[in-house]
Amino acid sequence: MATDTPLADPAALAVWLRVPAGDPLLLAALTSASNRFRGEVGHEVSLVENEQVTLDGNGRESVLLPVWPTVGVSEVLLDGEELVEGTDYDWSEAGFLRRLGCQYWPARLRCIQVTYSHGWAQTPSDIQEAVIEQARAGYGGQPGLKSKAVGGQSVTWETGVTSQWSKAVERHQVQTGSDA
């Protein structure tokens, strides 16, 4: 899932670090924080078009697509047969795929195949802020080093995450079938 496309603007991080936006360490810290965020939420975050997923039926009216926001559903197959949008199913930006006409999804594993587009063309501000904050913490740090003492001065680095990071990860992580 790692990509070289950062989830925040290097220029915004450069302001905090007081270095040029093209600084190699700045770009590495931003890429690392972006990839860490993607890894923790379990998806690309940026817009992904026409991804195909296979879902389990749940015996209910609605199933949940794994990644939101949903920006389009181009195909839904139920046991290999194509369903018609507006007649057989409808979908929401929140990732709900709902059967219409008093129908339910079968309670069977891997019976629904969906081709859909999801994610953001523009990264949401809470993600940008969390990634910048994490990149600031990682900039110039030395992996595995928690503190350093030289002469009479010492510096300690925190390697954890902030509550802002945790909230952004929780809000944007992949949804599971049990969430519907």
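The values are calculated or read from the model by the stated rules, or taken from the named source; none is laboratory data. As the structure is a computational prediction, the values presented were derived from the model and not from experiment. All Cβ positions, even for glycine, are placed from backbone atoms using ideal geometry, and neighbour counts span all protein chains on display. Just the protein is used for accessible areas: all its heavy atoms, side chains included, with ligands, DNA and RNA removed. Shrake-Rupley method; radii C 1.70, N 1.55, O 1.52, S 1.80 Å.
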Self-check item: Which listed residue is β-branched (Val, Ile, Thr), closer than 15 Å to Gln175 by Cβ and in a strand (DSSP E or B), from Val67, Val53
Solution: Val53
Self-check item: Odd one out for Ala21 among (1) in a loop (DSSP other than H, G, I, E, B); (2) open to solvent by less than 60 Å² (accessible area, probe 1.4 Å); (3) in contact (Cβ under 8 Å) with a residue 40 or more places away in the chain
Solution: (3)
Quiz prompt | Residue in the range 109-119 that is within 30 Å of Tyr139 (Cα to Cα) and either at pLDDT below 95 or out of contact with any strand residue (DSSP E or B) (no Cβ under 8 Å at 6 or more places or on another chain) (or both) present | solution = yes
Quiz item: Do you know which of the residues in the range 40-64 that are among the polar types (S, T, N, Q) and surrounded by 14 or more Cβ atoms within 10 Å (Cβ to Cβ) is nearest to Ala107 (Cα to Cα)?
Solution: Asn58
Quiz item: With Ala2, Ala11 as the choices, which residue is among the hydrophobic types (A, V, I, L, M, F, W, C), surrounded by fewer than 14 Cβ atoms within 10 Å (Cβ to Cβ), modelled with pLDDT under 95 and out of contact with any Cys (no Cβ under 8 Å at 6 or more places or on another chain)?
Solution: Ala2
Exercise. Name the single residue, out of those in the range 28-39 being under 15 Å from Ile127 (Cβ atoms) and not polar (S, T, N, Q), that is most open to solvent (accessible area, probe 1.4 Å).
Key: Arg36
Quiz item: Quick one: how many residues across the range 48-69 are under 25 Å from Trp165 (Cβ atoms) and touching a Ser or Thr at 6+ places or on another chain (Cβ under 7 Å)?
Solution: 1
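Please determine, by comparing only the residues of the range 76-93 that are open to solvent by less than 50 Å² (accessible area, probe 1.4 Å) and in contact (Cβ under 8 Å) with a residue 12 or more places away in the chain, which one is nearest to the chain's Cα centre (by Cα).
The first filter runs over the range 76-93 and keeps only residues open to solvent by less than 50 Å² (accessible area, probe 1.4 Å), leaving 76-78, 83, 88-89, 92.
Of the ones still in play, those that are also in contact (Cβ under 8 Å) with a residue 12 or more places away in the chain are 76-78, 88-89, 92.
Numbers: Val76: 23, Leu77: 25, Leu78: 27, Asp88: 29, Tyr89: 25, Ser92: 18 Å.
Here the residue is Ser92.
Please pick out the residue among Val41, Val73 that is of a type outside the set (D, E, K, R), touching a strand residue (DSSP E or B) at 6+ places or on another chain (Cβ under 9 Å) and touching a residue at least 12 places away in the same chain (Cβ under 8 Å). Outline the logic, then answer.
Values: Val41 fails: touching a strand residue (DSSP E or B) at 6+ places or on another chain (Cβ under 9 Å).
Exactly one of Val41, Val73 is of a type outside the set (D, E, K, R), touching a strand residue (DSSP E or B) at 6+ places or on another chain (Cβ under 9 Å) and touching a residue at least 12 places away in the same chain (Cβ under 8 Å), namely Val73.
Scan Trp91, Trp157 and give me the residue that is more than 26 Å from Thr5 (Cβ to Cβ), at pLDDT below 95 and among the aromatic types (Phe, Trp, Tyr). Break it down stepwise before answering.
Details: Trp91 fails: at pLDDT below 95.
On inspection, the qualifying residue turns out to be Trp157.
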